[in-house]
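Asker: Have a look at this one before I ask anything.
What follows is calculated from the coordinates using simple rules that are stated; it is not laboratory data. The shown structure was predicted, so the numbers you read here are calculated from the model rather than taken from an experiment. Here the Cβ positions follow ideal geometry from the backbone for every residue, glycine too, while neighbour counts run over all protein chains shown.
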C-alpha cells in the first residue's frame, strides 16, 4: 500500500459504508413508523378498549345476555287503560264438537303506543296596550312557539323532543327521523322543519349549556378527549370534557388546546385525565393523569412487531401498569389504605424511572420510553388521589353515543349546525348522567315561555 493513495482509498471506502449504513437505518426507521401508524389507524376504528380476540369453541344453545332469564320478564303495568275480554269459543277447536266448561279467568297484559296523531289549533287572541301601545298576544301552555302567519304550523313538544333525541342521541339522520314519524303516525315532516325546530330549541337551551360549562370549569377532576368530526365535508374536531355528572361538547376546526383553554382557563388547578395529547401539558397548574388504557394499548402494539429482546421493555411496562391497577382494586376492596397507595405510587414511579433510563435499540421502544420519562409524575396520580380515574374511560363513554352521528349522516353541513349539535348533545348526555329524563326536560323547555335551566346535581 503506497503512502499517498492507499490510506486515502481505505478511508473513502469506510466513509461510503458508513453513509450507506446511515441510509439503511433511516429507511428502517421510516418503515417502522409507517407500520406503527398503520396499526394505530386500524385500532382507532375498533372499540377504544378492545381486548385481544380469543377464539373459543362456541357453546350450543341460545346466548344469554344481561336481560335473559327471569329478570327480563315485564312487570304488570301500574295503570290499565283498556280492558278486553277473550271468551271461550263456542266449541272445541281441537275436535270441533265438544262442549267447553270454563275453569278460570287468567290475565295477560300488553303495552302499546297510540298511532293516532293529535292535531291542535290555538285561537290566539291579539291586542295592544292602550297605555304604551305595545302589541300583546295570548299564549296557551301547550304552545312551543309564538309564531303566527306563514310560520304558524308548528311541531308539538312531545314530537320535537322525540325527534331531537332520535337525531342527536340515537344518531338517526333527519331523513330517517322523517320516515320514522311518517310510517308510525302518518305525519309528514320536512328535514328543514326538523332542523329549524332544533335550532330554536338550542337557543332556549343556551343558558343550560353555559351553566354546564361553568360547572365543568369548577370541577376538581375533568376527563378530556377529542375525536374527529365533519363540518361542511371538511375535517374538524369534537372536544369532550367529562366529569362524573357532567358532559360538555365543543366542535372546533382544529385539535388545538384552545377549546380546553377557553372552557377551563389557563390556570386550571384540578386534575386532567387525558390520552397524553401534548396540548394538555400547557396546563402547568393542573395535575395530570395519563390514560393507562392508551399506554397499555401502545405496549400491545409494540409487542405485535417486537423481535427478540425488543419485547422485554413493553412487556415490563405492561406488567408495571397491571400491578398499579391491581393495587387500586385492592384499595377498593379495603385491602390497602390510602397511605399504602401513596407508598406504592412512589415505588412504581421509581421502577418506571429505571425501566426507561437505558437507551433502547428499537426506535419505537425509545419513543415510548421518552414519553414515559417526560410524564413520570402523570402515570400514577390515580394512586396518590384515589378519586381520580386511571383512564379517560368516562370521555370515551361520552364519545360513544355521539360517534355514530358522523358515521351515519356525515356530521354537520354548517358551523351553525355544529354549534346546535354541541348544545343539544351536551344537554342530552348530561341529563342522562343526572338521571333526568331528557324527553321530559326538552318538553318542559319547549312549552315554557322562559328558558329552563337543567336542574344539575353536584352528587
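Asker: If you stretched the chain out fully between residue 432 and residue 244, how much longer would it get, using 0.36 nm times the residue separation minus the C-alpha to C-alpha distance?
Answerer: The residue 432-residue 244 span can extend by a further 66.5 nm.
Asker: Report, to one decimal in Å, the Kirkwood hydrodynamic radius for the chain based on all distinct Cα pairs.
Answerer: Hydrodynamic radius (Kirkwood, Cα pairs) of the chain is 27.8 Å.
Asker: For region 204-229 and region 409-424, write down the distance between their C-alpha centroids in whole Å.
Answerer: Measuring centre to centre over Cα atoms gives 17 Å.
Asker: Quick one: length gained pulling residue 85 to residue 26 fully straight, 0.36 nm per residue minus the C-alpha distance?
Answerer: Net length gain for the segment: 12.9 nm.
Asker: If contacts are Cα pairs under 8 angstrom and at least 6 residues apart, what is the relative contact order of region 253-391 in percent?
Answerer: Relative contact order here is 29 percent.
Asker: Taking a cut-off of 16 Å, what percent of all Cα-Cα pairs in region 151-217 are separated by more than that?
Answerer: Looking at region 151-217, the distances longer than 16 Å represent 50 percent of pairs.
Asker: Report the antiparallel proportion of the DSSP beta bridges in the chain as a percent, rounded to a multiple of 5.
Answerer: Restricted to the chain, the bridges split so that about 70 percent are antiparallel.
Asker: How much length would be gained if the chain were fully extended between residue 413 and residue 116, taking 0.36 nm per residue of separation minus their Cα-Cα distance, in nm to one decimal?
Answerer: That works out to 103.6 nm of additional length.
Asker: Using a simple spin-label model with points 7 Å from Cα along the Cα→Cβ vector, what separation in nm is obtained for residue 457 and residue 173?
Answerer: Using points 7 Å along Cα→Cβ, the separation is 3.9 nm.
Asker: Let me have the 222 nm mean residue ellipticity of the chain computed from DSSP H runs of 4+ only, each contributing -39500 (n - 2.57), with the sum over all residues rounded to the nearest 500.
Answerer: Per the formula, -15000 deg cm²/dmol.
Asker: Next question. Give me the Kirkwood hydrodynamic radius of region 90-198, using the inverse of the mean 1/r over all pairs of distinct Cα atoms, in Å to one decimal.
Answerer: Roughly 18.7 Å, rounded to one decimal.
Asker: Can you give the FRET efficiency to the nearest 0.05 for residue 203 and residue 15, using r as the Cβ-Cβ distance and R₀ = 45 Å?
Answerer: Efficiency at R0 = 45 Å is approximately 0.05.
Asker: Between helix 363-374 and the chain, what is the angle of the helix's C-alpha long axis to the longest principal axis, kept within 0 to 90° and rounded to the nearest 10?
Answerer: Roughly 70 degrees between the two axes.
Asker: Taking the 0 to 90 degree range and rounding to the nearest ten, how far is the long axis of helix 338-356 tilted relative to the main principal axis of the chain, both from C-alpha atoms?
Answerer: 50
Asker: Over the alpha-carbon set of region 292-390, work out the extent along each principal axis and list the three values in angstrom, largest first.
Answerer: 41, 22, 18
Asker: Right, another one. Okay, which of region 90-126 sit inside 18 Å, backbone N to the point 7 Å along the Cα-Cβ direction of residue 183?
Answerer: It comes to 113-117, nothing else.
Asker: What's the ranking of 180-187, 164-171, 243-250, 410-417 by average number of surrounding C-beta atoms within 10 Å, highest first?
Answerer: 243-250, 164-171, 410-417, 180-187
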